[in-house]
Amino acid sequence: LYSLKNSRVLITGASSGIGRAMAFSMAMRGAHLFLLARREEKLLEVKSEIQTEFPNVKVDVIACDVNDSHAVELIKKITEEKVDVLVNNAGLALGREKLELSQLTDMEQMISTNITANFKLVHLTLPWMLKAGKGDIINLCSVAGHYTYQGGAVYCATKHAVNAFTRVVREETAGKNIRVMQISPGMVNTEFSKVRFKGDQKTADSVYAGMVPLEADDIARMMTFMLEQPRHVVIDEIITMPTDQGSPTTVVRKH
Ligand code: 8X3
């Protein structure tokens, strides 16, 4: 197995859900963590929880919105332009309305987080990896990057964009000791649905009712498996759904 000990791992969306679970998984392997998210108090909470469990693990927090003008300088300063692994996880869905009923502000936010910030981070860190002669990138895509469903025009489009982007960067970096990978989960029990339904907990809960969803730890375990392969192995992509889900539109509920 490839050892992640002392690897410098930058995780976006690290304050909750899959990003947070991945931070713990990387901490367990002795990585040096750079946790990025907008909410500083949340990041500091995650940092202190990690350091309670793993006192020797180095954790730096980067509290910013990647699309803000000062973000690049901040990320450069805190990481010292050395990142071995980028877990490009931050992303969200907003709304399940048909397009004509959806909000333009939701559209803008999904595009700026799922596409612009994601692409910018690869654009920023890839040259550092090329210079170091080594690097790994895992992009969080989604089953929505492969399938489409009504009420998901913009979300599905953003994830299809991530899918295309990952593939091109993978082609461009082949042979350079850079592993560009992607994971595409279906239903995962995180704040995803609460965010999508704007705090409406009842509707969010109904998404996972009567079925067993994936958990954030399931995704972190799979991403860790991808990273721990020997360096000549790239797992191009993992597409993963709960056993009770056959596609975004096929969910089997027991009650
Ligand atoms: C999350 C999965 O099915 O809500 O990306 O699009 S889905």
By the mean-Cβ-within-10 Å protection proxy, highest first, 177-186, 58-67 rank as 177-186, 58-67
What helix-only [θ] at 222 nm does the chain give? Using -39500 (n - 2.57) per DSSP H run of at least 4, over all residues, to the nearest 500, the answer is -12000 deg cm²/dmol
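Of the listed pairs Lys47/Lys120; Lys47/Lys134; Lys77/Lys134; Lys5/Lys58; Lys202/Lys254, which have alpha-carbon separations greater than 22 Å here?
Exceeds cut-off: Lys47/Lys120; Lys47/Lys134.
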Unit charges on C-beta of K, R, D, E only; dipole of the range 98-248, Debye: 480 debye
Heads up, the range 38-86 by the C-alpha gyration tensor (a ≥ b ≥ c square roots of eigenvalues; a/c under 1.5 rounded, else a/b over b/c prolate, else oblate) looks oblate
Long-range amide H contacts for Glu237: which residues qualify at under 5 Å (H placed 1.01 Å from N, peptide plane, sequence gap of 5 or more or a different chain)? Gln182
Restricting the count to DSSP beta bridges whose residues both fall in the chain, what percent are antiparallel, rounded to a multiple of 5? 5 percent
Protection proxy ranking, peptides 121-134, 193-206, 17-30, average beta carbon neighbours within 10 Å, highest first: 17-30, 121-134, 193-206
Loop-resident GluC sites (Glu not before Pro) in the range 33-91 with no more than 14 other Cβ atoms inside 10 Å, DSSP not H/G/I/E/B, are Glu80, Glu81
Looking at the chain from every direction and averaging, what is the projected area of its Cα convex hull in nm²? 13.5 nm²
With the Cα gyration tensor of the range 128-241 giving a ≥ b ≥ c as the square roots of its eigenvalues, does the rule (a/c under 1.5 for rounded; else a/b larger than b/c for prolate; else oblate) give rounded, prolate or oblate? prolate
Centroid-to-centroid separation of the range 38-91 and the range 155-228 [C-alpha atoms, Å]: 19 Å
Less than 9 Å Cβ to Cβ from Arg170, Lys/Arg counted +1 and Asp/Glu -1: what total charge do the surrounding residues give? -1
Which lysines does Lys198 reach when only Cα atoms under 21 Å apart count, and residues fewer than 8 places away in its own chain are ignored? Lys42, Lys98, Lys159
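Rule-based calculations on the coordinates, nothing more; no lab input. Keep in mind that what you see is a predicted model, and the values were worked out from it rather than measured. Every residue, glycine as well, gets a Cβ built from its backbone with ideal geometry; the counts of neighbours run over all protein chains shown.
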